[in-house]
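Values in this text are rule-based calculations from the coordinates and carry no lab data. Every value quoted in this text rests on a predicted model; they were computed, and no experiment measured them. Reconstructed Cβ throughout: ideal geometry from the backbone, glycine too, with neighbour counts over all protein chains shown.
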Amino acid sequence: MRSSIISITNSNWAIDRQQLEWIAALESGKVLHFKNLPFEINENETSLFRESIQNPKSRNISLGSDGLLKGAIGDATTLITLKELIFRFRNLSQVLVHSLVPKYAEYLKVSPTSFRPLNISHRKQSWRADDRRLHVDAFATRPNYGERILRVFMNINSNNQPRVWRVGESFESIAEQFIPKIKPYSKSQAKFLNVVGLTKSFRSEYDHMMLQIHDAMKSDLNYQKNSPQIQFEFMPGDVWVCFSDQTSHAAMSGQYMMEQTYNLPLKALYDSQSSPLAVLTSKVQRKLV
Ligand code: SIN
Ligand code: FE
């Protein structure tokens, strides 16, 4: 299981040689872990490192692809400083992904970049929203029809505090165990959710299955405790990349992290057969989107 995280020592965000085995690992659900990428926190940014910078009503602080900052509280200088910090990470993560997998570059859709200042170990949440439980990412309001969710994370804690993750078993095994527990898909319910605005578009059977798997994993305490998994400490300065719709993950503790989400159409993949859509489709033997 330790091999579910591949550590890479590269001291530049621009990867100068394309390594097909890293891409294959990423697309098969492994986490790529970069240990030596430089990221300076400037003197004027140190005041951003406090929990109170996040609006208590928001789930996190994010910078949209439209440049709008959401979820932060502060005066104009604070907000501009924060925006610049998040922008810097957004640009570097783009350099990383473009050079790591040049083939993705033309297809990547930049989703919001987030700054997560909260200490996650004592956060109170419903089981469904609790990312300390192993899960694959699936969003209730935003159906994606099998498009991939690629994420870049960086621990920017300056207090030597790791971000502790658990990484679970392969998506194949997850699918095998949880497909039998999935409630049947209802087209009329999906239509209803869309009409009343609870989803941003029509929820496909694929999106239904992914949400059901997300919920079934999180609500199963026996699975949480006893399924194959490793725990891993991402130290301050560490950057890690994974397809979070495929890689089973849980964030146990830590504070101050940056995160960049990308959406990636299936046609950009080297091996679309390893995608959650392909895996689920081959298991149920019908069209899901
Ligand atoms: C998650 O994506 O589930 C949470 C990641 C984190 O907070 O480290
Ligand atoms: Fe997640």
Quick check on my link table: of LYS109/LYS225; LYS124/LYS225; LYS30/LYS218, which ones sit more than 30 Å apart, alpha carbon to alpha carbon? LYS109/LYS225
Debye sum, Cα scatterers, segment 127-178, no solvent: what log₁₀ I/I(0) at q = 0.17, 0.19, 0.22 1/Å? -0.80, -0.96, -1.16
Compactness ratio of segment 1-91: Cα Rg over 2.2 N^0.38 Å, N = residue count? 1.39
Run the dipole for segment 61-128 about the Cα centre, Lys and Arg Cβ at +1, Asp and Glu Cβ at -1, nothing else charged, and hand back the magnitude in debye, nearest 20. 360 debye
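Once you order the gyration tensor axes a ≥ b ≥ c over the Cα atoms, which shape class does segment 216-289 get: rounded for a/c under 1.5, otherwise prolate or oblate by comparing a/b with b/c?
Taking the square roots of the gyration eigenvalues as a ≥ b ≥ c, segment 216-289 is oblate.
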With +1 at each Lys and Arg Cβ and -1 at each Asp and Glu Cβ, the charge dipole magnitude of the chain around its Cα centre, to the nearest 20 debye, comes out at 940 debye
Mind checking which aspartates and glutamates have their C-alpha under 20 Å from LYS83, skipping anything on the same chain fewer than 8 residues away? GLU40, GLU43, GLU45, GLU51, ASP66, ASP75, GLU259
Summed over the other residues with a beta carbon less than 14 angstrom from that of GLN161, with K and R at +1 and D and E at -1, the charge totals -1
Could you give the DSSP H helices of the chain that reach 18 angstrom or more along their long axis (alpha carbon positions) and whose average Kyte-Doolittle hydropathy is no lower than -0.5? 76-100
Let me check the size of segment 2-280 from its C-alpha atoms; what are the radius of gyration and Dmax in Å? 18.4, 55
Listed highest first by mean packing, meaning other Cβ atoms within 10 Å per residue, what order do 67-78, 165-176 come in? 165-176, 67-78
Scoring segment 2-280 by relative contact order with C-alpha pairs under 8 Å, at least six apart, yields a percentage of 31 percent
Peptides ranked, highest mean first, by Cβ atoms within 10 Å: ranges 209-222, 192-205: 209-222, 192-205
Rounded to whole Å and sorted largest first, what semi-axes of the equivalent ellipsoid does the C-alpha gyration tensor of segment 41-191 yield via the square root of 5 times each eigenvalue? 31, 20, 17
Based on other C-beta atoms within 10 Å, arrange HIS98, HIS208 from fewest to most. HIS98, HIS208
Leading residue at positive end of dipole, the chain (Cβ point charges), from GLN246, THR9, PRO184: PRO184
